[in-house]
1. Does the stretch 35-49 hold any residues that are in contact with a strand residue (DSSP E or B) (Cβ under 6 Å, 6 or more places away or on another chain) and not in a loop (DSSP other than H, G, I, E, B), and which are they?
2. So which of 87, 141 is closer than 22 Å to residue 5 by Cα and either crowded, with 18+ Cβ neighbours inside 10 Å or in contact with a helix residue (DSSP H, G or I) (Cβ under 6 Å, 6 or more places away or on another chain) (or both)?
3. So for the stretch 16-34 (the condition being out of contact with any strand residue (DSSP E or B) (no Cβ under 8 Å at 6 or more places or on another chain) and within 20 Å of residue 103 (Cβ to Cβ)), does at least one residue qualify?
4. Does residue 111 meet the test of being within 22 Å of residue 63 (Cβ to Cβ), part of a helix (DSSP H, G or I) and either at pLDDT below 95 or in contact with a helix residue (DSSP H, G or I) (Cβ under 7 Å, 6 or more places away or on another chain) (or both)?
5. Would you confirm whether or not the stretch 64-79 contains a residue that is under 20 Å from residue 204 (Cβ atoms) and modelled with pLDDT of 95 or more?
6. With (1) in contact with a strand residue (DSSP E or B) (Cβ under 7 Å, 6 or more places away or on another chain); (2) without any contact (Cβ under 8 Å) to a residue 60 or more places away in the chain as the list, and residue 72 as the residue in question, which single condition is left unmet?
7. Taking the stretch 30-52 only, how many residues are touching a residue at least 40 places away in the same chain (Cβ under 8 Å) and surrounded by fewer than 22 Cβ atoms within 10 Å (Cβ to Cβ)?
8. Report whether or not residue 26 is surrounded by fewer than 22 Cβ atoms within 10 Å (Cβ to Cβ) and part of a helix (DSSP H, G or I).
């Protein structure tokens with residue numbers, strides 16, 4: 001299991017140190033939640049802060065857009081050269097266009113669905129992305145209770161085996177040592193964890209507990 005700590009739960013007063021610490025503690029990716037206050041009822045960080053994060057991070061960035069104007073935000077963040085930029089299926093009318101735009105920047109495109117969005121909606125787009133992010137909470141805030149989506153993960157795994165076997169599955173929301181084994185068994189490749197890691201006294205121990 002790859003682990004992507006979500007800096008949404010970090011102490012922003014010492015954000016550079018927090019990013020350095022999770023990278024040194026064994027993080028595989030640094031998960032960055034970008035919210036616009038429209039698609040979700042919260043606002044987070046813009047490109048200046050993410051640029052500062054990228055300058056101290058020794059692991060690739062995984063940028064998760066929770067926004068309405070995906071193309072605009074892709075252009076804002078693509079110059080930072082993250083490994084992934086993911087956007088929500090629910091917020092976009094022209095999925096292929098945004099996927100192509102992300103890939104033209106040399107970045108791996110990923111698509112996200114909320115807990116209530118059926119996996120079947122992804123059938124026409126999964127062959128074009130490198131990762132699918134399944135939300136196990138409703139997006140917008142950290143520290144929420146995990147919504148069991150194990151059957152959904154298995155359904156997605158079957159869809160990917162038919163259309164894009166190399167595509168990775170990422171899960172975000174309420175991930176901890178209590179559910180990580182079940183997530184792994186269901187087929188998850190990357191675990192995003194925010195409050196579980198940053199709420200732990202020992203980041204290294206918390207990250208290692210998720211590497212199952």
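The values are calculated or read from the model by the stated rules, or taken from the named source; none is laboratory data. Bear in mind that the values here come from a model prediction, so they are computed numbers and not experimental data. Methodologically, a virtual Cβ is constructed for each residue, glycine included, from the backbone with ideal geometry; neighbour enumeration extends over all protein chains shown.
1. Answer for the stretch 35-49, where residues must be in contact with a strand residue (DSSP E or B) (Cβ under 6 Å, 6 or more places away or on another chain) and not in a loop (DSSP other than H, G, I, E, B): 35, 43.
2. Result: 87 is the single residue among 87, 141 that is closer than 22 Å to residue 5 by Cα and either crowded, with 18+ Cβ neighbours inside 10 Å or in contact with a helix residue (DSSP H, G or I) (Cβ under 6 Å, 6 or more places away or on another chain) (or both).
3. Scanning the stretch 16-34, I find no residue that is out of contact with any strand residue (DSSP E or B) (no Cβ under 8 Å at 6 or more places or on another chain) and within 20 Å of residue 103 (Cβ to Cβ), so the answer is no.
4. Taking the combined requirement at face value, the residue does not satisfy it.
5. Checked the stretch 64-79: no residue is under 20 Å from residue 204 (Cβ atoms) and modelled with pLDDT of 95 or more.
6. (1)
7. Within the stretch 30-52, residues that are touching a residue at least 40 places away in the same chain (Cβ under 8 Å) and surrounded by fewer than 22 Cβ atoms within 10 Å (Cβ to Cβ) number 5.
8. Here the answer is no, as residue 26 does not meet what is asked.
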